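Report on the structure given below.
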Amino acid sequence: MWYEILPSAGIITAVLAVPVYAMWGINKLSLGNAYRRNMDERYDRVLYQRDFRLTNNPYIQNGLESIPDEK
């Protein structure tokens with residue numbers, strides 16, 4: 001009957017969901033933040049590099065106080 005496919009569908013769904021939830025834990029351990037920044041566009045990569053250069057942590061909110069004064 002049609003319900004015989006439910007165990008197989010459940011197993012396949014669980015196996016496909018494991019990498020999604022595993023990346024949350026891996027990012028939390030390696031980056032200290034559970035979510036990665038989106039770097040699909042070049043502009044986003046430039047902002048990531050700028051934030052990393054200014055504060056050594058791209059996940060910290062940057063304001064004018066993080067830019068060193070030039071004298």
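Provide the net charge surrounding residue 58, with neighbours chosen by a C-beta distance below 14 Å and charges set as Lys +1, Arg +1, Asp -1, Glu -1.
Local net charge: +3.
Strictly greater than 13 Å: what percent of every Cα pair in the chain meets that?
Everything past 13 Å amounts to 75 percent.
Sorted by packing (mean other beta-carbon atoms within 10 Å per residue), highest first, where do 34-41, 2-9 land?
Order by mean packing, descending: 34-41, 2-9.
How high is the relative contact order of the chain, in percent, counting Cα pairs under 8 Å that sit 6 or more residues apart?
It rounds to 13 percent for the chain.
Counting each pair of different Cα atoms once, what's the Kirkwood radius of the range 20-61 in Å, rounded to one decimal?
Value: 11.0 Å, from the Cα pair sum.
Tell me the angle of helix 42-55 to the major Cα principal axis of the chain, expressed in degrees between 0 and 90 and rounded to the nearest ten.
60 degrees
When the chain is fully extended, how far beyond the present Cα-Cα distance does residue 35 get from residue 1, taking 0.36 nm per residue of separation?
Separation in residues times 0.36 nm, less the Cα-Cα distance, equals 8.0 nm.
Taken together, the values in this text are just the output of simple stated rules run on the coordinates, not laboratory data. All figures in this text were calculated on a predicted structure; none of them were measured in a lab. Here the Cβ is made from the backbone with ideal geometry for all residues, glycine too, and neighbour counts use every protein chain on show.
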